[in-house]
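Undergrad: My questions all concern the structure below.
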Amino acid sequence: MLDYDPFSDAVMRDPWPAYARLRREAPVFYLEKYDTWFLSRFEDIWWSTTRDVFTAERGVTPEMVLLKAEPPPDPVFSMLDLPRQRDYRRMLAPPYSRGAVGRREESTRARVRRLLRPLAERGHFDVYRELATPLAVEEIAELIGLPAEEAPEMRAQVARFFAREPGQVGTTPENEEERVRLLTRVAEIVAERAGSGDLSGDDHISVMLRTPAEGEPLSIGAVVAAVFTMLVTGSEVLPLSLANTVYYLWRHPDQRRALVDRSEDVRHAYAESLRYDQPTNLLGRFVKEPVEIRGEKLQPGQGVMFLWASGNRDESEFERADVFDISRRPRRTLSFGHGAHKCIGEHLSWLQGRVLLEEILTLAPEYEVDRPGARRAYSEFLHGYVGMPIEFEPL
Ligand code: HEM
């Protein structure tokens, strides 16, 4: 009998053995405790993300789908179905297009170099905490239109909201307090901006305050909810993915060496790390209309979780799926999702991930990871390294 539970200590620490068994023995797995189905095979997840028999409107996070936490009362595009989602997402999408992100390369590289300068002299630093996190926070704060000086504390509040202790299932009152404090401050900033009379900027807050959706102006609550979503997604996942990549390249020195000679492959190395150890482990939907997958009948009102990280290790999609190999050129992956909710920040992540790696490999091609300091996140949702100290010859 399979005893998979996404909140179990074993799965929070190391989900891969459970995912392999699920794919093999029960690819459409039901857990009565959460009244939810778990899809672990690539093809099933790929297919499901484009079917309107599922809805995002009752929530998408493990907290909402499994523990039935209420989704936010105001509409946020990550929790809306088509066609409603379109208006809200369209408002924020322009700076994340391939072209717009391409124009950021110079400023992103300048930021990375500025952050690296004092670290390079030291000869050791934490890639997650001292390099990737500040970069992601600075860039997303600028895109959202949050005061730069407050952004680091806001990011810390997000981290404290997601922090989990062993044995913890879902959000504690302490986690929740951090979220409320953050939302309160964001609401003040949004209200001040709304009252300022100048909404001409390209930042998300200005755009949302001046653009109607579904024929109506957005409420302050809807703007705050979108800001929260962008802050969380824009600052949490890139640092995990970069720390993971640095770790796996260190574990495979031959592949890292090949990269130093062929810098055009840096992007593929980042892509392989996203496939091999996907930071956004699982997200879900609710069933809206009866649907059958592999003979299992999913009923309206039940939850369904997409185990992205498992799909990305599916042997029927990827040869030697459990091997980290930067020479892969996969036709498709689930790293940024699929369908209407496919990641809005995909191109930004490609840019930030590639530039960060290029600059690290230029500075310290032979870096060593301080293994005892490399620490993994403990969470049902976000996986990957949240501590990644490296050492190298100081400049
Ligand atoms: C390596 C980094 C990242 C990974 C692996 C990642 C992964 C994902 C995945 C798997 C989804 C699909 C969610 C679903 O279908 O329910 C998603 C959606 C989303 N991502 Fe990312 N993401 C990354 C970076 C970012 C960044 C930098 C931003 C912000 C700038 C961002 C913003 C979003 C948003 C807002 C959504 C929801 C889109 C919608 O519902 O229409 N992500 N991401």
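Undergrad: If you roll a 1.4 Å probe over the chain with all protein chains in place, what percent of the accessible area is carbon or sulfur?
TA: Accessible surface attributable to carbon and sulfur in the chain totals 52 percent.
Undergrad: Return a whole-number percent for the relative contact order of region 163-252, with Cα pairs under 8 Å and 6 or more residues apart as the contact set.
TA: 20
Undergrad: Report, in deg cm²/dmol and to the nearest 500, the calculated mean residue ellipticity at 222 nm for the chain, where each DSSP H run with n ≥ 4 adds -39500 (n - 2.57) and the sum is divided by the residue count.
TA: It lands at -14500 deg cm²/dmol.
Undergrad: Which ³J(HN,Hα) values in Hz, rounded to whole numbers, follow from the phi angles of region 310-317 under the Karplus curve 6.51 cos²θ - 1.76 cosθ + 1.60, where θ = phi - 60° and Gly and Pro get x?
TA: 6, x, 6, 10, 6, 5, 7, 10
Undergrad: Also: Among the lysines, which fall within straight-line cross-link reach of Lys297, defined as a Cα-Cα distance under 24 Å, with same-chain neighbours fewer than 8 residues apart omitted?
TA: Cross-link targets: Lys33, Lys68, Lys288.
Undergrad: Taking a 1.4 Å probe, which of Thr333, Thr50 shows the most accessible area, and what order do the others take after it?
TA: Reading off the accessible areas and sorting them downward yields Thr50, Thr333.
Undergrad: Still on this structure: Going out from 0 in 10 Å bins, what whole percent of all Cα-Cα distances in region 74-155 drops into each bin?
TA: Percent of Cα pairs in each bin: 15, 35, 32, 13, 4, 0.
Undergrad: Separate question: Considering only protein heavy atoms, what per residue accessible area in square angstrom results for region 36-189 with a 1.4 angstrom probe?
TA: Ligands and nucleic acids excluded, the result is 47 Å² per residue.
Undergrad: What ranking do 33-41, 2-10 get when scored by the average of other Cβ atoms within 10 Å per residue, highest first?
TA: Per-residue Cβ counts within 10 Å, averaged per peptide and sorted highest first, yield 33-41, 2-10.
Undergrad: Return an integer: the convex hull volume of the alpha-carbon atoms of the chain, in Å³ per residue.
TA: Each residue corresponds to 139 Å³ of Cα convex hull volume.
Undergrad: Next up: Using the membrane-span-like helix rule (whole DSSP H runs, Cα extent along the own axis of at least 30 Å, mean Kyte-Doolittle hydropathy at least 0.0), which helices of the chain qualify?
TA: 220-251
Undergrad: What percent of all Cα-Cα pairs in region 149-295 falls into each 5 Å bin, going from 0 up to the bin containing the maximum distance?
TA: Pairs per bin, as whole percents: 2, 7, 12, 13, 13, 13, 13, 12, 9, 5, 2, 0.
Undergrad: Kindly give Rg over Rh for region 116-170, based on alpha-carbon atoms, with the Kirkwood expression for the hydrodynamic radius.
TA: With Rg and the Kirkwood Rh in hand, the quotient comes to 1.09.
Undergrad: Please give, to one decimal in nm, the separation of the simple spin-label points placed at Asp370 and Leu199, each 7 Å out from Cα toward the Cβ.
TA: 4.9
Undergrad: Rounded, prolate or oblate for region 39-80? Axes are the square roots of the Cα gyration tensor eigenvalues, ordered a ≥ b ≥ c, and the cut-off for rounded is a/c under 1.5.
TA: Oblate is the answer for region 39-80, as a/c is 1.5 or above yet b/c matches or exceeds a/b.
Undergrad: At a probe size of 1.4 Å, how large is the accessible area of Lys288, to the nearest 10 Å²?
TA: Looks like 90 Å² after rounding.
Undergrad: Take the alpha carbon gyration tensor of region 1-105, find the square roots of its eigenvalues, order them as a ≥ b ≥ c, and report rounded if a/c is under 1.5; if not, report prolate when a/b exceeds b/c, else oblate.
TA: Prolate, since a/c reaches 1.5 and a/b exceeds b/c.
Undergrad: Continuing with this model, one more query. Could you order peptides 256-263, 137-144 by the average number of other Cβ atoms within 10 Å of their residues, highest first?
TA: In descending order of packing, they fall as 137-144, 256-263.
Undergrad: In Å², what does the accessible area per residue of region 289-393 work out to with a 1.4 Å probe?
TA: 41
Undergrad: Give me the three principal axis extents of region 98-196 from the C-alpha atoms, as integers in angstrom, largest value leading.
TA: 43, 40, 26
Undergrad: Moving to a separate point now. When only C-alpha pairs under 8 Å and at least 6 residues apart count, what is the relative contact order of region 10-132, in percent?
TA: 11
Undergrad: For a quick size check, give me the Cα extents of region 327-377 along its three principal axes, largest first, whole Å.
TA: That works out to 40, 26, 22 Å along the principal axes.
Undergrad: Taking a ≥ b ≥ c as the square roots of the eigenvalues of the Cα gyration tensor of region 223-309, is the shape rounded (a/c under 1.5), prolate (a/b larger than b/c) or oblate?
TA: oblate
Undergrad: Explain nothing, just the number: relative contact order of the chain, from Cα pairs under 8 Å at least 6 residues apart, as a whole percent.
TA: 28
The values are calculated or read from the model by the stated rules, or taken from the named source; none is laboratory data. The shown structure was predicted, so the numbers you read here are calculated from the model rather than taken from an experiment. Here Cβ is always computed from backbone atoms with ideal geometry, including for glycine, and neighbour counts include all displayed protein chains. Areas reflect the complete protein model, heavy atoms only, side chains present, ligands, DNA and RNA absent. Shrake-Rupley method; radii C 1.70, N 1.55, O 1.52, S 1.80 Å.
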